[in-house]
Amino acid sequence: MNDGSPVWDRLFRTAMTGVAKAAAIPFYRRKLRRFEAMLERAHAVQRALLFEKLRRCAETRFGRDHGFSKIATIEDFRRQVPVSTYEYAAPYITEVSEGRLDSLFPADEQVLAFACTTGTTGEPKLNPVTRTWLREYLRSWEIWGVKAIVEHPEMIGTKVLQVMGPGDLDRAPNGLSIGMVSSVASRFQNRVYRAFYAVPPDVANIREPLAKYYTILRLAMTTPVGLLVAITPANLIRLAKTGDEHRQSLIRDIHDGTLSDSLDVPPAFRQKIARSIQVKRPERARMLEQIVEKTGTLYPKDYWPLSLVACWLGGTVGYQSRELPRYYGNVPTRDLGLVSNEGRHTVPLHDGTPEGVLAVDGSYYEFVAADERGSPQPRVFECHELEVGREYYIIMTTSGGLYRYDIGDLVRCQSYIGQAPVLEFLHKEGQCADMEGEKVSGYQIAHAVEVAARELDLCVDCFMAVPVRRNGQIPNYTLLIERSVIEDSSVARQFLRIVDRELIQQNVMYAGKRGDRYIDSPQLARLAPGTWSDYMAAEAQRSGTGDSQYKHPALVPDTSWLDRFQPLDTLTVDGAR
């Protein structure tokens, strides 16, 4: 694709792309072979990682408190260190944030920053980003990227566009920055790799969502983007819609070498990007105008030479990826894997599937079967001991100061590569409702909605399910969807029937409760247009982590949640209520 850059620049880039492919692909294949060999002996790799972490941290306060120096076996480790949540590690992390690094780390370790996440309570959770942890985190990202490039070599010579959360949310008491892990990692990324990014990482610190997405597009529309990365499909949909809705302004800015003064962009960042912004690109602007004249829209599928789009394809947000071809064309998609502020836990190796092999060379992992969750002494498994088809909660020991940390993520073991399990993330703990013993999960709801939308050719890019129990009525699951998504009431009733059918097929307990009339068929509460965008903006502001980190829940178990909204109407399988 002619991207509007000068002819000599395109010729040079074409020549360099050929050289890069010839040199890079054999090098990348060797890296992959080493990684694959590691998967064959994953058990030994994991054990060695664990005992190395314990040895290095034996003289930290946490290490002394838990007798690391006396741990010689896995049984010792499990006896000395309990499975725990963030609250158990929080006092030690607080001390690190105040400058007492020896609470968790040896003298030769360096804490670079803190990654931050915010739960439903709004209380921040800080995770120290150490030099060792970051090296492990980036190593697994490199394997993901290497495999993607080997399978899509045409992306060599193009740019990477990554939509990230803010990297400078606050400062810890010791002066280190607190931010989202994607931005923190990019700040310390290898300079060579950073040269391939389409926009500077500081763009993530623009707080106002429209200003952020507009500025990303203003910078990236003038360069050939081959790989596009964002956590959720919703981020990608919003990026594409922003470009189309503001196409006239963007084209004018590209033509004139400007960035709209109406945007809430920090002056320091405007100054930083001034040199690249001030370049007038009339040829590129004309190309974009021709796209609009031809298609009536301005979507990325027409202005970027995309080779791969990467985001979450599974879990409770993956259903949104069904809408990506509308904006990005029939470009291959690849899941990012199970990624959190605590680490990168799986590495997807193929397109179009949410599965990923365990990242065995970073953190040490243990697993508790889902059906043993909450029992007094649940069995704990290592990576090579999982049963294919069974669901597990994942427990991790990291180089960021977390030991036997229960992150609350439910995964399903789908297969094995060597001794390493291939895992699919299902949902976070808490995204499960149980009014009458049915135990419906957010993953099951999301899958049912995805099937119904596909069968009826509906564009359902956002919804929420709430279990509802009202006096004198049989409890039901109510789906909240904006009315513009399903205007036709007869189609809405078909939608509900399909959702009900799929839940019955997925969940035997739900099927039983439906059959016994302990649970009624689903209902549909139709909301006013703009409800979800307003809700997401409020949630992003509440959390302080930005809209790009917001993950819309498919299911909220709180039965009173429906009271927060004012539906225009509510439909049942049989009619209006």
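Quick check on the range 479-507: of everything there that is crowded, with 23+ Cβ neighbours inside 10 Å and outside any helix (DSSP H, G or I), which residue is farthest from the chain's Cα centre (by Cα)?
I486
Cβ-Cβ distance below 6 Å, separation of 6 or more or different chains: which pairs start in the range 46-75 with a residue that is in the same structural domain as E109 (by TED's automatic domain parsing) and end on one that is among the hydroxyl-bearing types (S, T, Y) and buried (at least 17 other Cβ atoms within 10 Å of the Cβ)?
Q46/Y364; L49/Y364; L50/Y364; R61/S103; F62/Y92
Report, by residue number, each residue of the range 196-212 that is touching a Leu at 6+ places or on another chain (Cβ under 6 Å) and either outside the structural domain of I273 (by TED's automatic domain parsing) or over 26 Å from R171 (Cβ atoms) (or both).
A198
Would you check if V317 is of a type outside the set (S, T, Y), within 30 Å of D409 (Cβ to Cβ), buried (at least 18 other Cβ atoms within 10 Å of the Cβ) and at pLDDT 95 or above?
It is false that V317 is of a type outside the set (S, T, Y), within 30 Å of D409 (Cβ to Cβ), buried (at least 18 other Cβ atoms within 10 Å of the Cβ) and at pLDDT 95 or above.
Evaluate the following for G165: is it surrounded by fewer than 22 Cβ atoms within 10 Å (Cβ to Cβ) and part of a loop (DSSP other than H, G, I, E, B)?
For G165, the condition - surrounded by fewer than 22 Cβ atoms within 10 Å (Cβ to Cβ) and part of a loop (DSSP other than H, G, I, E, B) - is not met.
Could you list, in sequence order, the residues of the range 209-252 that are outside any helix (DSSP H, G or I) and within 26 Å of G157 (Cα to Cα)?
Step one: list which residues in the range 209-252 are outside any helix (DSSP H, G or I), which gives 221-232, 246.
Within the range 209-252, M221, T222, T223, P224, V225, G226, L227, L228, V229, A230, I231, T232 meet the criteria.
Any idea how many residues of the range 64-88 are closer than 14 Å to F51 by Cα, assigned to a helix (DSSP H, G or I) and not aromatic (F, W, Y)?
7
The conditions are (1) within 19 Å of W312 (Cβ to Cβ); (2) outside the structural domain of V225 (by TED's automatic domain parsing), and G165 fails exactly one of them. Which is it?
(2)
Quick test for you: out of P128, P91, pick the one residue that is in contact (Cβ under 8 Å) with a residue 60 or more places away in the chain and not in a loop (DSSP other than H, G, I, E, B). Don't jump to the end; show me each part of the working.
Values: P91 fails: in contact (Cβ under 8 Å) with a residue 60 or more places away in the chain.
Going through P128, P91 in turn, just one is in contact (Cβ under 8 Å) with a residue 60 or more places away in the chain and not in a loop (DSSP other than H, G, I, E, B): P128.
Being crowded, with 24+ Cβ neighbours inside 10 Å, within 30 Å of G165 (Cα to Cα) and among the aromatic types (F, W, Y): is that true of Y364 here?
yes
All but one of (1) under 21 Å from the mean Cα position of the chain (by Cα); (2) touching a residue at least 60 places away in the same chain (Cβ under 8 Å); (3) at negative phi hold for Y403, so report the exception by its number.
Single failed check for Y403: (1).
Out of all the residues in the range 411-454, which are charged (D, E, K, R), modelled with pLDDT of 95 or more and surrounded by fewer than 20 Cβ atoms within 10 Å (Cβ to Cβ)?
Of everything in the range 411-454, nothing turns out to be charged (D, E, K, R), modelled with pLDDT of 95 or more and surrounded by fewer than 20 Cβ atoms within 10 Å (Cβ to Cβ).
The values are calculated or read from the model by the stated rules, or taken from the named source; none is laboratory data. What you see is a predicted model, and the numbers here were worked out from it, not measured in a lab. With ideal geometry, Cβ positions are generated from the backbone for all residues, glycine too; neighbour counts draw on all protein chains shown.
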